[in-house]
There are 4 protein chains.
Amino acid sequence: MKKFRTRVKETLDPGFGTRYQQDAKRLINKDGTFNVIRKGVGFSSRNVYQDLIKMSWTRFFFATMLLIFSLNTIFSLIYMGIGMEDIEGEIRGQGFFHNFSQAFYFSFQTFTTVGYGRLSPVGDLSSFVAAIEAMVGLMCFALVTGLLYGRFSRPNISLEYSKNVLVSPYKDGWALMFRIANRRQSLLMNMKASVSLTFKEATNGEMMRRYFVLNLERKNILFFPLSWTIVHPIDSESPFYEIDLNTINDYDLEIMIQMEGFDETFGNVVHSRYSYLPSEIEIGAKFQPAFKTDKKGNVILDMDDLHIFDKVPYQQSEMGNQKLNADRNIENQKEK
Amino acid sequence: MKKFRTRVKETLDPGFGTRYQQDAKRLINKDGTFNVIRKGVGFSSRNVYQDLIKMSWTRFFFATMLLIFSLNTIFSLIYMGIGMEDIEGEIRGQGFFHNFSQAFYFSFQTFTTVGYGRLSPVGDLSSFVAAIEAMVGLMCFALVTGLLYGRFSRPNISLEYSKNVLVSPYKDGWALMFRIANRRQSLLMNMKASVSLTFKEATNGEMMRRYFVLNLERKNILFFPLSWTIVHPIDSESPFYEIDLNTINDYDLEIMIQMEGFDETFGNVVHSRYSYLPSEIEIGAKFQPAFKTDKKGNVILDMDDLHIFDKVPYQQSEMGNQKLNADRNIENQKEK
Amino acid sequence: MKKFRTRVKETLDPGFGTRYQQDAKRLINKDGTFNVIRKGVGFSSRNVYQDLIKMSWTRFFFATMLLIFSLNTIFSLIYMGIGMEDIEGEIRGQGFFHNFSQAFYFSFQTFTTVGYGRLSPVGDLSSFVAAIEAMVGLMCFALVTGLLYGRFSRPNISLEYSKNVLVSPYKDGWALMFRIANRRQSLLMNMKASVSLTFKEATNGEMMRRYFVLNLERKNILFFPLSWTIVHPIDSESPFYEIDLNTINDYDLEIMIQMEGFDETFGNVVHSRYSYLPSEIEIGAKFQPAFKTDKKGNVILDMDDLHIFDKVPYQQSEMGNQKLNADRNIENQKEK
Amino acid sequence: MKKFRTRVKETLDPGFGTRYQQDAKRLINKDGTFNVIRKGVGFSSRNVYQDLIKMSWTRFFFATMLLIFSLNTIFSLIYMGIGMEDIEGEIRGQGFFHNFSQAFYFSFQTFTTVGYGRLSPVGDLSSFVAAIEAMVGLMCFALVTGLLYGRFSRPNISLEYSKNVLVSPYKDGWALMFRIANRRQSLLMNMKASVSLTFKEATNGEMMRRYFVLNLERKNILFFPLSWTIVHPIDSESPFYEIDLNTINDYDLEIMIQMEGFDETFGNVVHSRYSYLPSEIEIGAKFQPAFKTDKKGNVILDMDDLHIFDKVPYQQSEMGNQKLNADRNIENQKEK
């Protein structure tokens, strides 16, 4: 296996360290999280809150239901312990389930503060417990109010990344290309991309992680209403320059992406991470246009079109993947 | 048609791309949005939330009413399905509408947790459904609480832009001028303006969008209590320099404006976009003062005065629209 | 009256403009607001919200009470219009006030969703109105919830400024000095001060505002747990250099202060503005220490001590207020 | 006692001042607060709110309970003052406690708006007071809703700092090292560390605080999923260079740390402060690895492992603690 060329400047690790064990998973998951498990943290109300904020709506729904029904069950059992004769208006009957259902309805009518009054507490103890329950109920809904708002107002970003990184024709050589689009209605501004490459390599017998920043044709755009194709030219400054890309599956590499933008709706800076593995690199391919204009002059951007590409024949040049440093310099000057 | 001069440095597209189809609408709408329709996004609770946050108060009011009345209608029908004899205290009667109205009042008294108790559930099933409804009702109002707060606290900006861009006398030449003012009571600080010009032009038979940044006399102000006149001098660095402005309606151009500021009330950076088309450019005109001082020493800023201008005779000089590069340099030095 | 020397570099106006009328008030009020009245803005829900967020607690309390009592009065009158016989359980009686009070209690029990049920609606119309009122009530309290949170969580800053600007001995000359302290428990960080001078002067017969930035001995501090004395040395770069400070009341000047910091509790950048008029400048005075250490080693910072100073004899040197440019340069080098 | 060498550039104080009295405590507490007591601030609703936001959950729980029970007690006494005959449905009895408990249950049923109706107000006065109480109750829970949300959504950071600062072998000399890890699930990015040294020293008979910034091997990392060891090399630019570290307990010094990062969950910049005293400096020690990989490829980060180190023999070199300026320069070049 050919080693990655080292003429290109290596980068400091972005915080992962260089001494990963060989069986460690990918660094960045598809959802932007890291494969790290924290221990010894103890209980933290904040972590519970953040879990509740980040979990799916289905899980959140069931967690809320579970909490409310558990609390009501506990209070129902307390009322039964106090004695059903302390609750006025219930339909007298026998058996645990009859009494429990009566206590449960009373409990729910108290917890939600609906308090019809057909069932109402008469004894001192049940009156006191009912007062506590009504308060607990209100606290619960106060919490739910905060959680609902927290879930919606959390500044985050939802980008659609193209399924593949393409090795596409670029000027008289090749370039790595992938595309992103905003899945949200919110306006994103001042988008910045930073792409880096990491791979494991045996150095002096020890497995080490190495990191390279990949140069981009363009690092940022002001507005982001459409799709954005991020381009890394495989020129002499690229770590891919002397690699035979047909053998790319042999390398234990990962292309790590970090996007930053300003979400205008929330007035907040948002970040997105993503990573591609070798199996997701498509050698010799070209993206089809991602958007079209309809008859009314609106531009239509379809998320499904983001992934579509055509195959093109790939052939590595003799001198490496690209010879266009000169061209690139001109491009750079234009950009400045 | 005279082409725009190309001696002036062209700018990279701000994210719109250069290959727009000929029938595409303007890039930036008057309300700062873009003419892009997203497809393939699927349902997203976040997008629904953002729509609810951004819609008008009238639409928000009707959407809320619709939700609440629909839920109550559904619960009313469920109670009728269970049987009206399960609700104690209702006025016995016949006919769908009589029963529905009784069920509906009971439903509303449960949903809002007002629970007078004249109507109250007695059967197991109706008691259980009522418990669920009270919970749903509280959740609804939790959501409305969050939405109301979200609508009010969303950091945004409301600027009044003068209806026209004027070509006004400036030093011994001409300049493009437009004015803005803050429609809100909130204090805006550190305002920054960036103005660019885009137009479509046939290049080698293909329609291409081209972009130019317009130099400004002054790019930012620290405080923004009054109006601000943004001035682009038509000097030799301006793309308008060699254009006969009387023929400006012949060009398919758009003047795009991006304002940024810090809203002190929300402690947040806010943005505003706007654009002018050729029909909104007034050749040979001068703004009247936008504010006056009353007898108590208060400065009065009337939004309606922002648009008022006087006509002045316009004549292009021989050498282009302005010859004052020398003067401008002096001005620049003063600014530094 | 001696004119301000113009050897010192003038500054661009910070957004107030230069052509103020002679009878205009001070630019920045003691509470940091500007003397500008906006007209032609029309009704804006956002402005109403911001007023409610910014008003005093007393006014907010009365505004809330007024809203709730008005709504209840309106609903009471509607119930009376429908007819009191539609409300079950009320104490039958005669006279407008008897009926109104019964309707009002029913209305309040509905509005707050307490719904005891002694009073409850029986007719269709009153049941429907009661359903609407319960909903309106919940909306009201949703709004109040948001307003209360908005009032508390609005990122702002409360600085205590010393009552006077002192002309104090500084090295072998004089300096303008004032002090600030944080009135809040919240931690302020990365404080930045910018101080400028504005005055009106007849230039070619026309009254013009002129602006000067005042150099500071130190422009920022990292932490702000104690008081901070902001020092403007009156050296040859100061607009006060050649002024006889004893005649300072003759000038129509204003010292404008803008402070910026990061409030750690809210995680937000906050700003404060303040201004001093000539009558608040104390010529020849020195601040007493603003904090002391108690026996337990705690540092005690008393807001009242911030204003205390001792008089010192002031005498202007021949060559201007200060001759210490050389010293200052050394100081500057140390700071870099 | 050997003085700290002064060849190293001293730093301006970060806001604490230089004239601390000798009996003053440490500058930064372990929880990141400062030892400053504010006086003359007066009552401020904002400070009360911030206290409620920052206090522990236990204290918050008791404060809330205290508020609710106090209000209910006050309203109960008012109802008793009005006369128990004004409350319909209460169980007639004698004695203060019997009546108080009835009034208290009625009060709670009103305050929580549960309003069963078995107890309900009949007289004008009790009806009016009950209306007010229901409103007060709703306001209370509105406040609690805001407080709960405020407590959870306050942007803050919880870092685990290693218990000791180690003097560890580093290249061919020594370095100060400590470690941090994120105790939260939230993602921290763009972490920046700044470390400074302060100590008291008699200068011309007067005790003065002096400040030095400590150079770091690396000042920031992009991602922070694992632990981060912050390293200050004791080279010729270090104030520790000529100090015999075995005598470090003789100095009245404090190592002050300020961390800054971007919390992605809250979309906010967060800060953490910490400080080490001489007794926490471990001379001659080396950290054990802080994380390991499990069989599934997950990286396990245990907070308890953060503090574990092995002892290594420490010996100061003749020329000072380190001679590796040359090496350091190379390192720096690599970093750039």
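The values are calculated or read from the model by the stated rules, or taken from the named source; none is laboratory data. The shown structure was predicted, so the numbers you read here are calculated from the model rather than taken from an experiment. Virtual Cβ from ideal backbone geometry, glycine too; neighbours counted across all protein chains shown.
What residue, among those in the stretch A:262-284 that are among the acidic types (Asp, Glu) and under 22 Å from B:Pro14 (Cβ atoms), is nearest to the other protein chains (Cβ to nearest Cβ)?
Here the answer is A:Glu264.
Scanning the stretch C:174-187 for residues that are in a strand (DSSP E or B) and either facing another protein chain (nearest Cβ under 9 Å) or modelled with pLDDT under 90 (or both) yields C:Ala181, C:Asn182. When residues in the stretch A:127-172 are screened for being more than 10 Å from every other protein chain (Cβ to nearest Cβ) and at pLDDT 90 or above, 12 of them pass. Go through the residues of the stretch A:68-77 one by one and say whether even a single one is more than 13 Å from chain B (Cβ to nearest Cβ) and among the small types (Gly, Ala, Ser). Yes, that holds for at least one residue.
Apart from one condition, A:Gln21 fits all of (1) modelled with pLDDT of 75 or more; (2) exposed (fewer than 14 other Cβ atoms within 10 Å of the Cβ); (3) among the polar types (S, T, N, Q); the exception is (1).
A residue that is within 12 Å of chain A (Cβ to nearest Cβ), buried (at least 16 other Cβ atoms within 10 Å of the Cβ) and in a loop (DSSP other than H, G, I, E, B) occurs somewhere in the stretch D:212-224. Report, by residue number, each residue of the stretch D:188-208 that is part of a strand (DSSP E or B) and at pLDDT below 85. Hits for the stretch D:188-208 are D:Phe199, D:Lys200, D:Glu201, D:Ala202, D:Thr203, D:Glu206, D:Met207, D:Met208. Pairing each residue of the stretch C:7-20 that is assigned by TED's automatic domain parsing to the domain that holds C:Asn204 with any residue that is modelled with pLDDT under 75 and of a type in the set (A, V, I, L, M, F, W, C), provided the two are 6+ apart or on different chains, yields no C-beta distance under 9 Å. Taking the stretch C:37-53 as the range and being surrounded by fewer than 17 Cβ atoms within 10 Å (Cβ to Cβ) and either under 13 Å from the mean Cα position of the chain (by Cα) or among the hydrophobic types (A, V, I, L, M, F, W, C) (or both) as the test, the residues that pass are C:Ile37, C:Phe43, C:Val48. Here B:Lys292 meets each of (1) at pLDDT below 90; (2) facing another protein chain (nearest Cβ under 10 Å); (3) surrounded by 17 or more Cβ atoms within 10 Å (Cβ to Cβ) with one exception, condition (3).
Would you check if A:Val165 is assigned by TED's automatic domain parsing to the domain that holds A:Thr265 and on the phi < 0 side of the Ramachandran plot? When the stated conditions are applied, A:Val165 passes them.
Residues in the stretch C:225-243 that are hydroxyl-bearing (Ser, Thr, Tyr) and assigned to a loop (DSSP other than H, G, I, E, B): C:Ser227, C:Ser236, C:Ser238, C:Tyr241.
Tell me which residues, restricted to the stretch B:287-317, are touching a residue at least 24 places away in the same chain (Cβ under 8 Å), among the aliphatic types (A, V, I, L, M) and not in a loop (DSSP other than H, G, I, E, B).
Result: B:Val299, B:Leu301, B:Met303, B:Leu306.
Can you find even one residue in the stretch A:29-44 that is more than 29 Å from D:Asp294 (Cβ to Cβ), among the hydroxyl-bearing types (Ser, Thr, Tyr) and either in a loop (DSSP other than H, G, I, E, B) or away from chain B (no Cβ under 14 Å) (or both)? No, the conditions are met nowhere in the stretch A:29-44.
Pull out all pairs, ordered by first then second residue, where Cβ-Cβ is under 6 Å, the residues are six or more apart or on different chains, the first lies in the stretch A:235-261 and is within 14 Å of chain D (Cβ to nearest Cβ), and the second is surrounded by fewer than 16 Cβ atoms within 10 Å (Cβ to Cβ) and part of a strand (DSSP E or B). Listed pairs, sorted by first residue: A:Glu260/A:Lys192. Within the span defined as the stretch B:80-95, every residue fails to be within 16 Å of A:Thr110 (Cα to Cα) and facing chain C (nearest Cβ under 9 Å). Can we say B:Gln50 is more than 7 Å from every other protein chain (Cβ to nearest Cβ), in a helix (DSSP H, G or I) and free of Cβ contacts under 8 Å to residues at least 40 places away in the same chain? When the stated conditions are applied, B:Gln50 does not pass them.
Close contacts from the stretch A:265-278, counting a first residue that is of a type in the set (Phe, Trp, Tyr) and a second that is in a loop (DSSP other than H, G, I, E, B), with Cβ to Cβ under 6 Å and a gap of 6+ residues or different chains, come to A:Phe266/A:Pro155. Within the stretch B:296-332, being away from chain C (no Cβ under 14 Å), buried (at least 16 other Cβ atoms within 10 Å of the Cβ) and modelled with pLDDT of 80 or more holds for B:Phe309, B:Tyr314. Taking the criterion of being of a type in the set (D, E, K, R) and in a strand (DSSP E or B), the only residue of the stretch B:128-171 that qualifies is B:Glu160. B:Gly267 meets all of the listed conditions (1) at pLDDT below 90; (2) on the phi > 0 side of the Ramachandran plot; (3) more than 25 Å from the chain's Cα centre (by Cα) but one, namely (3).
Candidates are the residues of the stretch D:53-64 that are touching a helix residue (DSSP H, G or I) at 6+ places or on another chain (Cβ under 7 Å) and more than 12 Å from chain C (Cβ to nearest Cβ); the one that is modelled with the lowest pLDDT is D:Trp57. Out of curiosity, is D:Phe100 modelled with pLDDT of 95 or more, under 24 Å from A:Thr110 (Cα atoms) and either surrounded by fewer than 18 Cβ atoms within 10 Å (Cβ to Cβ) or away from chain A (no Cβ under 11 Å) (or both)? No, not satisfied.
Remark: D:Asp124 falls outside the filter, which requires a residue to be surrounded by fewer than 20 Cβ atoms within 10 Å (Cβ to Cβ), acidic (Asp, Glu) and more than 9 Å from every other protein chain (Cβ to nearest Cβ).
Considering (1) within 34 Å of the chain's Cα centre (by Cα); (2) crowded, with 24+ Cβ neighbours inside 10 Å, the lone condition that A:Leu159 does not fulfil carries the number (2). When the stretch B:116-127 is filtered for residues that are small (Gly, Ala, Ser) and not in a helix (DSSP H, G or I), the ones remaining, listed by number, are B:Gly117, B:Ser120, B:Gly123. The set of residues in the stretch D:251-277 being more than 15 Å from D:Leu197 (Cβ to Cβ) and of a type in the set (D, E, K, R) consists of D:Glu260, D:Asp263, D:Glu264.
Of the set (1) touching a Ser or Thr at 6+ places or on another chain (Cβ under 7 Å); (2) under 30 Å from B:Lys163 (Cβ atoms); (3) modelled with pLDDT of 80 or more; (4) among the β-branched types (Val, Ile, Thr), all apply to B:Ile82 but (2). In the stretch D:269-289, of all residues being of a type in the set (S, T, N, Q) and surrounded by 14 or more Cβ atoms within 10 Å (Cβ to Cβ), the one that is farthest from D:Asp172 (Cα to Cα) corresponds to D:Ser272.
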